[in-house]
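Written out below as structure tokens is the structure these notes cover.
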Amino acid sequence: FLAAEDTSSLQYVKFQSSNFENILTWDDGPESIPGTVYSVEYKRYGETEWLAKEGCQRTTQKSCNLTMETSNLTELYYAMVTAFSPGSLLDSKRSDRFSSLQHTTIKPPDVTCIPKVRSIQMLVHPTFTPILAEDGHQLALEEIFHDLFYRSELRVNHTYQMYLEGKQREYEFVGLTPDTEFLGSIKILAPMWSKESAPYVCRVKTLPDRTWA
Amino acid sequence: EFRFGPCRVENVILLELWEAFRAVKDSVQTQDNITSVRLLKPEVLHDVSDAESCYLVHSLLKFYLNTVFKNYHNKRVEFKILKSISTLANNFIVITSKLRPCVKNDMLSIYKSAHRRFLLFKRAFKQLDTEAALTKAFGEVDILLTWMEKFYHY
């Protein structure tokens, strides 16, 4: 008795999403044939018709950017990949139900670290997404995740760290020793959506104290 | 705190509801292969006024309690799904017990508007085979929670 082998030439059809940039990816299967090409379709959950994604038809690529097609935050989506070998349809596979709001991961923030004599200032720059508001402006992460906040840390030495957190974008660690190196980091959190970015890290040295020089 | 128009609901942690559902979301949604039907469609939840929201959330949560979760319990499902359902159900009971939809005459048109939305959802549910409808409704709890989050004040 032969175990049922997976004769598909297509597998792992899924969305990879980061800061609302939604990329569909897939892999060729164990039985893939040289010369296989792929076509992508997508639709909104609840609709009947599948729409062909222009630019991802009969492609040899194994990814397709569906950011614009899946940019409505209140909608959920499906995508489908079909594999063709010369002259015949090999296989079709569908993604799981996708919601960018639930699935996207958050990249580390863009931060400027400013050393002073006895303090270090960390300025977080807003992260804009491809999502457009009704008035056409690009939505920042803060406008999408209502509970979003920042957590900043300054490592003074192996045993001593300082923490500051909040919804504001400016943080200043004060009372530091001049002319000393510190390791600063800031990450973004949106607890309701179980999202936490990797930290942005900066190594920075306070300025020498020249007041009595 | 939830503020559904005039209705206030305190001491319900929305994150707990999300975590309960996320634990089973993929396995439940994978069982729903009817991708061309959405019960909580945009016409049910889009542009719901504050005044309507209390009526609508009350009807939806009552339906989930009395129809979806109740019948799901009779299905042979994994323990983790039952655990998720009990957390969601307990919180839905707390929410509905604290909602006091106003019944005054001048609110009749708003009540009717909310009820029309609810009937859209209920009709779509009834049009499906019972098993499929239960799975689909449970798989759409994320859509419900995403809508409820708009009325949640941190």
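For region A:34-57, which residues satisfy the criterion of being part of a loop (DSSP other than H, G, I, E, B) and either modelled with pLDDT of 95 or more or out of contact with any strand residue (DSSP E or B) (no Cβ under 7 Å at 6 or more places or on another chain) (or both)? Of everything in region A:34-57, those that are part of a loop (DSSP other than H, G, I, E, B) and either modelled with pLDDT of 95 or more or out of contact with any strand residue (DSSP E or B) (no Cβ under 7 Å at 6 or more places or on another chain) (or both) turn out to be A:PRO34, A:TYR45, A:GLY46, A:GLU47, A:THR48, A:GLU49, A:TRP50, A:LYS53, A:GLU54, A:GLY55, A:CYS56, A:GLN57. If you go through region A:153-186 and keep only what is open to solvent by less than 70 Å² (accessible area, probe 1.4 Å) and under 15 Å from A:PRO126 (Cα atoms), you end up with A:GLY166, A:TYR171, A:ILE186.
Yes or no, residue by residue, for (1) within 22 Å of B:ARG117 (Cβ to Cβ); (2) touching a strand residue (DSSP E or B) at 6+ places or on another chain (Cβ under 7 Å); (3) not charged (D, E, K, R):
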| site | (1), (2), (3) |
| --- | --- |
| B:GLU1 | no, yes, no |
| B:PHE4 | yes, no, yes |
| B:ILE34 | yes, no, yes |
| B:ARG38 | yes, no, no |
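Table: residues versus (1) outside any helix (DSSP H, G or I); (2) of a type in the set (Val, Ile, Thr); (3) at pLDDT 95 or above.
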| position | (1), (2), (3) |
| --- | --- |
| B:SER86 | no, no, no |
| B:PHE92 | no, no, yes |
| B:ARG100 | yes, no, no |
| B:ASP106 | no, no, no |
| B:SER109 | no, no, no |
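Of the residues making up region A:59-72, those that are open to solvent by less than 30 Å² (accessible area, probe 1.4 Å) and β-branched (Val, Ile, Thr) are A:THR59, A:THR67, A:THR70. Against the numbered list (1) part of a loop (DSSP other than H, G, I, E, B); (2) at pLDDT 95 or above; (3) open to solvent by 50 Å² or more (accessible area, probe 1.4 Å), B:ARG123 comes up short only at (1).
Count of region A:42-58 residues, restricted to those that are within 13 Å of chain B (Cβ to nearest Cβ), within 25 Å of the chain's Cα centre (by Cα) and open to solvent by less than 60 Å² (accessible area, probe 1.4 Å), is 3. Per this entry, B:THR96 is not counted among residues that are farther than 18 Å from B:ALA133 by Cα, in contact (Cβ under 8 Å) with a residue 60 or more places away in the chain, more than 14 Å from chain A (Cβ to nearest Cβ) and part of a helix (DSSP H, G or I).
Answer yes or no as to whether A:TYR12 is surrounded by 15 or more Cβ atoms within 10 Å (Cβ to Cβ) and either more than 14 Å from chain B (Cβ to nearest Cβ) or over 19 Å from A:LEU141 (Cα atoms) (or both). For A:TYR12, the condition - surrounded by 15 or more Cβ atoms within 10 Å (Cβ to Cβ) and either more than 14 Å from chain B (Cβ to nearest Cβ) or over 19 Å from A:LEU141 (Cα atoms) (or both) - is not met. The single condition among (1) closer than 12 Å to B:PHE138 by Cα; (2) more than 16 Å from the chain's Cα centre (by Cα); (3) at pLDDT 90 or above that B:PHE63 does not satisfy is (2).
In this entry, B:ASP142 passes the filter for residues that are buried (at least 19 other Cβ atoms within 10 Å of the Cβ), touching a residue at least 12 places away in the same chain (Cβ under 8 Å) and under 29 Å from A:SER100 (Cα atoms).
Give region A:180-197 a look and list any residue that's within 14 Å of chain B (Cβ to nearest Cβ) and part of a strand (DSSP E or B), or say none.
Matches in region A:180-197: A:LEU189, A:ALA190, A:LYS195, A:GLU196.
The residue pairs whose first member lies in region A:172-196 and is closer than 19 Å to A:HIS146 by Cα and touching a residue at least 24 places away in the same chain (Cβ under 8 Å), whose second member is part of a strand (DSSP E or B) and small (Gly, Ala, Ser), and whose beta carbons are closer than 8 Å, counting only pairs six or more residues apart or on different chains, are A:ILE186/A:SER152; A:GLU196/A:ALA190. For B:LYS80, the test of being open to solvent by 40 Å² or more (accessible area, probe 1.4 Å) and either closer than 27 Å to A:TYR77 by Cα or over 13 Å from the mean Cα position of the chain (by Cα) (or both) is passed.
The listed residues are B:VAL57, B:VAL77, and the only one of them that is in contact with a Phe, Trp or Tyr (Cβ under 7 Å, 6 or more places away or on another chain) and farther than 27 Å from A:THR48 by Cβ turns out to be B:VAL57.
Across region A:96-121, which residue is nearest to B:ASP32 (Cα to Cα) among those that are more than 14 Å from every other protein chain (Cβ to nearest Cβ), part of a loop (DSSP other than H, G, I, E, B) and open to solvent by 60 Å² or more (accessible area, probe 1.4 Å)?
So, considering only residues that are more than 14 Å from every other protein chain (Cβ to nearest Cβ), part of a loop (DSSP other than H, G, I, E, B) and open to solvent by 60 Å² or more (accessible area, probe 1.4 Å), the one nearest to B:ASP32 (Cα to Cα) is A:LYS107.
With respect to A:LEU139, is the statement that it is modelled with pLDDT of 95 or more and within 22 Å of B:THR146 (Cβ to Cβ) true? When the stated conditions are applied, A:LEU139 passes them.
The values are calculated or read from the model by the stated rules, or taken from the named source; none is laboratory data. Keep in mind the model is a prediction, meaning the values are calculated, not measured. No Cβ is skipped: glycine too gets one built from the backbone with ideal geometry, and neighbour counts run over all protein chains shown. Remember, those area values only see protein heavy atoms, side chains included, never the ligands or the DNA or RNA. Shrake-Rupley method; radii C 1.70, N 1.55, O 1.52, S 1.80 Å.
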